[in-house]
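The structure under discussion appears below in the form of structure tokens.
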Amino acid sequence: MSHILRIENLHVAVDGKAILRGVNLEMKFGETHAMMGPNGSGKSTLGLAIAGHPNYVITEGTITLDGEDITEWEADQRARAGIFMAFQRPVAIPGVKTADFLRHAATNVRRPDRKEGEDLIPMREFRKELKAKMSQLKIDTEFARRYVNDGFSGGEMKRAEILTMAMLSPKFSILDETDSGLDADAVKLASASIAEIGRDKMGLLIITHHDKLLEHNPPQFTHVMLGGRIVETGGAELARELHDHGYDRIRKTYPDAEAANQEMLAKEEAVAV
Amino acid sequence: MTTTISRNDLAGFNQAGFNQLLERRIDPVWITQARKDAWAAFESMGWPNPRDENWMRSDLRGFKLDRYQPIDESETQSVQNAPVRLIQGVDVGGSLRSENGVVTAESLDPKYAAQGVIFGSLSRCARDHAELVKKYLHSQIDIHVDRFAALQAAMWTDGYFLYVPKNVVVDKPLHIHAAMGDGKVDLTHVLIVLEEGAETTVLFESTSSNEDADGFHCGGLELVLNARSNLRFVGLQDWGSGTWHFAHKRASVGQDANLQWTIAAMGARFAQVDQRVALVGPGASSHVNGVMFTRDKQHLTYNTIQQHSAPHCTSDFLYKAVLQDRSRTVWRGMIKVDVGADKTDGYQRNDNLLLSDNARADSIPGLEIKADDVRCTHGSTSGRVDEELIFYAQSRGFTRVEAVRLIVTGFFQQIFDRVTIESVREALGVAIARQVRQYE
Ligand SMILES: Nc1ncnc2c1ncn2[C@@H]1O[C@H](COP(=O)(O)OP(=O)(O)O)[C@@H](O)[C@H]1O
Ligand SMILES: [Mg+2]
């Protein structure tokens with residue numbers, strides 16, 4: 001299979017505030033990319049813009065999937081076309097059982113032309129598959145009956161997101177800090193799970209600050225985001241460098257991007273006050 | 001057309017119309033007298049005062065009583081196409097059907113009849129079982145409370161009477177369907193009496209011949225639970241979207257008796273429902289589950305009272321509403337604890353989910369406590385549906401309307417968890433899904 005996700009000159013604004021200022025990125029099916037960068041540099045924004053969050057307005061540039069321009073598509077169309085994002089802070093949907101949610105989601109994603117009201121994947125077949133995936137990811141089966149992300153611990157939420165990714169088998173996955181808030185063992189498990197589910201089976205864009213999540217997922221490419229732009233791209237060694245030494249070198253090398261980053265942070269504080 | 005002729009012959013809801021009703025009916029004398037008293041009460045009262053607390057948020061301006069004609073119950077009533085939803089796949093123990101407020105079909109499993117269960121037309125039972133009906137009819141509802149209560153007591157055309165004798169268990173659900181034609185009226189009364197230790201389930205639904213049917217429903221409902229009896233009562237109101245719905249609903253729960261009451265409101269353009277559950281014997285308990293789902297310019301008002309008159313009683317009311325378009329709901333909750341009703345455990349909650357900026361949900365909880373050592377809690381929430389939830393579901397492949405439907409279903413789940421009858425959960429789920437609009 002050969003699929004390509006191409007981001008060209010992407011500009012994104014939230015509430016009229018410019019955040020991404022010309023991001024270029026090309027990912028092929030089967031590749032692993034790491035996306036690093038200091039807080040507030042725009043990593044999550046990139047992911048949410050690709051996933052189609054309505055508040056993240058694309059003001060310039062394009063996103064294409066296998067040559068098709070998906071820039072204007074609704075989030076659900078993108079999901080059905082094979083785009084997935086594991087969120088940093090997934091929301092809870094009270095009263096909706098995880099199994100029911102995943103069954104409906106998997107049906108829609110696997111049958112992109114399904115009309116509303118048409119049959120879902122047969123219950124037995126789905127249960128069997130879900131159970132298998134849950135045991136593969138070492139997730140307790142009791143999980144399926146709990147409401148979507150409702151009352152989940154940080155670790156449980158992240159694992160639920162990986163389970164969702166496993167059930168939807170997307171072409172491209174963006175994992176937004178799937179390691180944050182997890183202890184060392186949990187990060188190891190997450191890293192191994194991502195490798196098991198995703199490696200060579202999709203394109204992976206792993207947003208992270210650390211190299212732990214990359215342990216089982218050595219990236220072919222590492223990108224550094226600063227001030228809403230990708231300022232540098234390298235291989236696995238770049239991820240290691242940033243993990244060991246932080247972003248000082250990057251900040252000094254790209255003063256304009258650093259200034260933009262500081263400006264965004266300042267606005268953020270002004271809003272927070 | 002024969003309907004045109006009979007319309008011209010019939011007077012409206014006025015003195016002449018009332019006289020005609022008395023003439024054509026074959027009621028026992030005590031009922032005729034009760035009707036006359038109620039009519040006098042109706043005549044002496046004005047329409048509800050907009051300054052009255054229970055009515056101040058209700059806009060009655062569009063309601064014109066003289067647009068409707070009383071039903072001639074001596075004529076054959078026939079309402080086509082009014083859907084039945086609550087008993088898909090259910091083996092019922094008996095059923096009643098009314099058309100335009102006149103019972104047209106009655107059935108009861110002979111094994112229950114052999115045990116003394118009575119289930120039938122209220123007009124007929126008032127003649128055949130006069131002592132029983134006389135004892136309980138309008139025993140709970142104060143006909144002077146407003147003009148609608150008085151009108152209903154004076155001019156009710158028929159209704160549904162259920163009597164379950166001491167310690168008899170009716171293990172299959174009993175079904176009642178009230179059907180109303182476009183532009184017609186339904187003045188019915190539900191009277192259910194459970195003697196000591198009796199047990200049953202009643203599924204009640206009211207629907208119209210077409211979705212946008214006009215109509216006037218003015219109803220009464222009385223549930224009498226004697227000691228240690230157990231009643232599950234489900235009511236689904238799904239009148240056509242042009243219907244005016246007025247009802248007084250009362251329950252009286254005796255010692256250690258238990259009432260589980262699910263009340264779902266989907267239809268009608270306007271509804272004003274006064275609901276009171278009185279806990280009259282020690283250890284009585286009642287759970288009320290309310291579901292409202294509104295659209296267009298619907299305006300539904302529920303005034304609920306949990307009346308604790310005896311010690312050690314429990315009441316638990318949970319009302320959830322989802323509102324779309326320009327619709328409006330008003331929910332008033334009041335826990336009243338009388339002197340001596342110590343160790344009361346009262347709970348009430350109303351949660352509202354707004355799917356539109358133009359919808360409005362008013363929630364007015366209240367407590368009136370005159371006893372000691374009680375535990376009463378209440379709360380309410382109202383909020384716009386969270387766009388982040390919609391995005392999350394969309395990012396997993398749900399269309400926007402599927403996402404909204406999912407969130408709405410999840411919102412009602414807490415109620416479904418409390419409804420112990422599977423067919424009812426399913427019917428409500430379907431009714432709710434149907435109600436969600438296609439959004440752009
Ligand atoms: N929903 C939002 N509303 C307002 N500002 C936002 C929103 N999302 C992101 N931003 C702003 O965009 C900038 C980049 O944020 P983000 O993409 O979350 O960075 P990162 O993921 O790299 O930490 C920050 O200054 C942040 O305040
Ligand atoms: Mg982030």
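The figures follow:
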{"item": "Top-ranked residue in segment A:31-45 [being open to solvent by 20 Å² or more (accessible area, probe 1.4 Å) and modelled with pLDDT of 95 or more; ranked as farthest from the other protein chains (Cβ to nearest Cβ)]", "result": "A:31"}
{"item": "Residue list for segment B:216-265, filter: hydroxyl-bearing (Ser, Thr, Tyr) and either under 21 Å from residue B:344 (Cβ atoms) or not in a strand (DSSP E or B) (or both)", "result": "B:229, B:241, B:252"}
{"item": "All positions within segment B:355-367 that are surrounded by fewer than 18 Cβ atoms within 10 Å (Cβ to Cβ) and under 18 Å from residue B:288 (Cβ atoms)", "result": "B:364, B:366, B:367"}
{"item": "Hits in segment A:82-100 (condition: buried (at least 20 other Cβ atoms within 10 Å of the Cβ) and either within 7 Å of chain B (Cβ to nearest Cβ) or closer than 17 Å to residue A:51 by Cβ (or both))", "result": "A:82, A:83, A:84, A:85, A:86, A:87, A:90, A:93, A:95, A:96"}
{"item": "Criterion violated by residue B:352 - all others in (1) away from chain A (no Cβ under 14 Å); (2) without any contact (Cβ under 8 Å) to a residue 60 or more places away in the chain; (3) open to solvent by less than 50 Å² (accessible area, probe 1.4 Å); (4) more than 16 Å from residue A:95 (Cβ to Cβ) satisfied", "result": "(4)"}
{"item": "Filter pass, residue A:89 being among the basic types (Lys, Arg) and within 13 Å of ligand 1 (Cβ to nearest atom)", "result": "yes"}
{"item": "Hits in segment B:304-319 (condition: surrounded by fewer than 22 Cβ atoms within 10 Å (Cβ to Cβ) and assigned to a strand (DSSP E or B))", "result": "B:305, B:314, B:316, B:318"}
{"item": "Count - residues of segment B:403-423 that are more than 8 Å from every other protein chain (Cβ to nearest Cβ), of a type outside the set (Lys, Arg) and open to solvent by 40 Å² or more (accessible area, probe 1.4 Å)", "result": "3"}
{"item": "Residue check, residue A:17 away from chain B (no Cβ under 14 Å), out of contact with any Ser or Thr (no Cβ under 7 Å at 6 or more places or on another chain) and within 27 Å of residue A:240 (Cα to Cα)", "result": "no"}
{"item": "Answer residue from segment A:46-70, given it is closer than 18 Å to residue A:230 by Cβ and more than 14 Å from chain B (Cβ to nearest Cβ) and is nearest to ligand 1 (Cβ to nearest atom) among those", "result": "A:46"}
{"item": "Some residue of segment A:224-242 being among the small types (Gly, Ala, Ser), surrounded by fewer than 21 Cβ atoms within 10 Å (Cβ to Cβ) and closer than 14 Å to residue A:42 by Cα", "result": "no"}
{"item": "Which numbered condition residue A:175 fails, given (1) more than 16 Å from ligand 2 (Cβ to nearest atom); (2) at pLDDT 95 or above; (3) surrounded by 24 or more Cβ atoms within 10 Å (Cβ to Cβ)", "result": "(1)"}
{"item": "Residue B:426 being without any contact (Cβ under 8 Å) to a residue 24 or more places away in the chain and more than 7 Å from chain A (Cβ to nearest Cβ)", "result": "no"}
{"item": "Meets criteria (over 24 Å from residue B:260 (Cβ atoms) and touching a strand residue (DSSP E or B) at 6+ places or on another chain (Cβ under 6 Å)) for residue B:180", "result": "yes"}
{"item": "Residue list for segment A:245-266, restricted to those being more than 23 Å from residue A:60 (Cβ to Cβ) and in contact (Cβ under 8 Å) with a residue 12 or more places away in the chain", "result": "A:247, A:250, A:251, A:253"}
{"item": "Residue A:130 touching a helix residue (DSSP H, G or I) at 6+ places or on another chain (Cβ under 7 Å) and either more than 16 Å from ligand 1 (Cβ to nearest atom) or open to solvent by 10 Å² or more (accessible area, probe 1.4 Å) (or both)", "result": "yes"}
{"item": "Qualifying positions in segment A:207-218 - within 16 Å of ligand 2 (Cβ to nearest atom) and out of contact with any Gly (no Cβ under 9 Å at 6 or more places or on another chain)", "result": "A:208, A:210, A:213"}
{"item": "Checking residue A:63 against (1) open to solvent by less than 10 Å² (accessible area, probe 1.4 Å); (2) within 16 Å of ligand 2 (Cβ to nearest atom), the condition it does not meet", "result": "(2)"}
{"item": "Residue in segment B:371-388 that is β-branched (Val, Ile, Thr) and under 15 Å from residue B:292 (Cβ atoms) present", "result": "yes"}
{"item": "Matching option when the condition is farther than 27 Å from residue A:211 by Cα and within 11 Å of chain B (Cβ to nearest Cβ), among A:132, A:106, A:144", "result": "A:106"}
{"item": "Some residue of segment B:382-402 being away from chain A (no Cβ under 14 Å), of a type outside the set (A, V, I, L, M, F, W, C) and either surrounded by 16 or more Cβ atoms within 10 Å (Cβ to Cβ) or in contact (Cβ under 8 Å) with a residue 12 or more places away in the chain (or both)", "result": "yes"}
{"item": "Looking only at segment A:177-199, and only at residues there that are within 16 Å of ligand 1 (Cβ to nearest atom) and among the hydroxyl-bearing types (Ser, Thr, Tyr), the one that is farthest from the other protein chains (Cβ to nearest Cβ)", "result": "A:180"}
{"item": "Conditions (1) away from ligand 2 (no atom under 16 Å from the Cβ); (2) buried (at least 22 other Cβ atoms within 10 Å of the Cβ): number failed by residue A:71", "result": "(2)"}
{"item": "Index of the failed condition, residue A:118 passing every other in (1) open to solvent by 30 Å² or more (accessible area, probe 1.4 Å); (2) within 9 Å of chain B (Cβ to nearest Cβ)", "result": "(2)"}
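The values are calculated or read from the model by the stated rules, or taken from the named source; none is laboratory data. Since this is a predicted model, take the numbers as computed values, not measurements. Here the Cβ is made from the backbone with ideal geometry for all residues, glycine too, and neighbour counts use every protein chain on show. Surface accessibility is based on the protein's heavy atoms, side chains included, excluding ligands, DNA and RNA. Shrake-Rupley method; radii C 1.70, N 1.55, O 1.52, S 1.80 Å.
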